[in-house]
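Asks: Shown below is the structure under consideration.
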Amino acid sequence: MIQCGHCGLYNPDDSRECSKCGAALVYIPPKLQKRHAVGPEKAKAIRDNALSALVLGLLIKVYWGGYGPWPVIDLPILAGIRPGVEPVLLYGGALGYSVGWVLNWI
């Protein structure tokens, strides 16, 4: 079976064009197909999770850090946690996104 590069439909091996979208099909033997160590799907999942951490870190910085016109409610327990959690989310999210982007091509 040959998978169409445009629409993703699987076509019989003897097909020259996709039966759904009409794009030309090229058969690449399994030995010549590019193998990814991680793969684009896993790299996208890593980037999505890292982007979520980055956004959460920014929300903590803005809303809990006192950068807005609203009053900041800082309980003693939360005030001790914020200085450690905020940089982990911000820098970890940025690093995770970069790693996911690099893994997309490996």
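Asks: Could you tell me which of Val99, Val62, Ile73 has its Cα farthest along the dipole of the range 36-106 towards the positive end, charges placed at Cβ (Lys, Arg +1; Asp, Glu -1), taken about the Cα centre?
Replies: Looking along the dipole axis, the top candidate is Val99.
Asks: Where Lys and Arg each count +1 and Asp and Glu each count -1, what net charge lies around Ala53 among other residues with Cβ under 12 Å from its Cβ?
Replies: Values: positive: Arg47; negative: Asp48, Glu86.
Around Ala53, the surrounding residues sum to -1.
Asks: Using the Cα centre as the reference, give the magnitude of the dipole from point charges on the C-beta atoms of the chain (Lys, Arg: +1; Asp, Glu: -1; all else neutral), rounded to the nearest 20 debye. Mind showing how you got there, number by number?
Replies: On the way: 10 positive and 7 negative charges, 46 e Å.
With Lys and Arg at +1 and Asp and Glu at -1, about 220 debye.
Asks: Whose amide H sits under 5 Å from the amide H of Gln3, counting only residues 5 or more places off or on another chain, with H placed in the peptide plane?
Replies: Amide H neighbours of Gln3, under 5 Å, 5+ apart: Asn11.
Asks: Which value in deg cm²/dmol, rounded to the nearest 500, describes the helix-derived mean residue ellipticity at 222 nm for the chain, given -39,500 (n - 2.57) per DSSP H run of n ≥ 4 and division by the residue count? Please list the in-between numbers first.
Replies: Details: 2 runs with 48 residues, N = 106.
Helices in the chain give a 222 nm mean residue ellipticity of -16000 deg cm²/dmol.
Asks: Within straight cross-link reach of Lys61, meaning Cα distance under 14 Å, which aspartates and glutamates are found once same-chain residues fewer than 8 apart are removed?
Replies: Within the straight-line limit of under 14 Å, Lys61 reaches these aspartates and glutamates: Asp74, Glu86.
Asks: Now for a separate question. Out of Leu90, Asn11, Ala53, whose Cα points farthest toward the positive end of the dipole of the chain (charges: +1 Lys, Arg; -1 Asp, Glu; placed on Cβ)?
Replies: Positive-end residue among those listed: Asn11.
Asks: Per the Debye formula with a single identical scatterer at each Cα and no solvent contribution, what log10 I(q)/I(0) holds for the chain at q = 0.11 Å⁻¹?
Replies: -0.58
Asks: What distance in nm separates the simple spin-label points at Val62 and Cys21, each placed 7 Å from Cα in the Cβ direction?
Replies: Using points 7 Å along Cα→Cβ, the separation is 3.6 nm.
Bear in mind these aren't lab numbers, they're just calculated from the coordinates by the rules spelled out. Keep in mind that this is a model prediction, so the values were computed, not measured. Neighbour counts run over all protein chains shown; Cβ positions are idealised from the backbone, glycine included.
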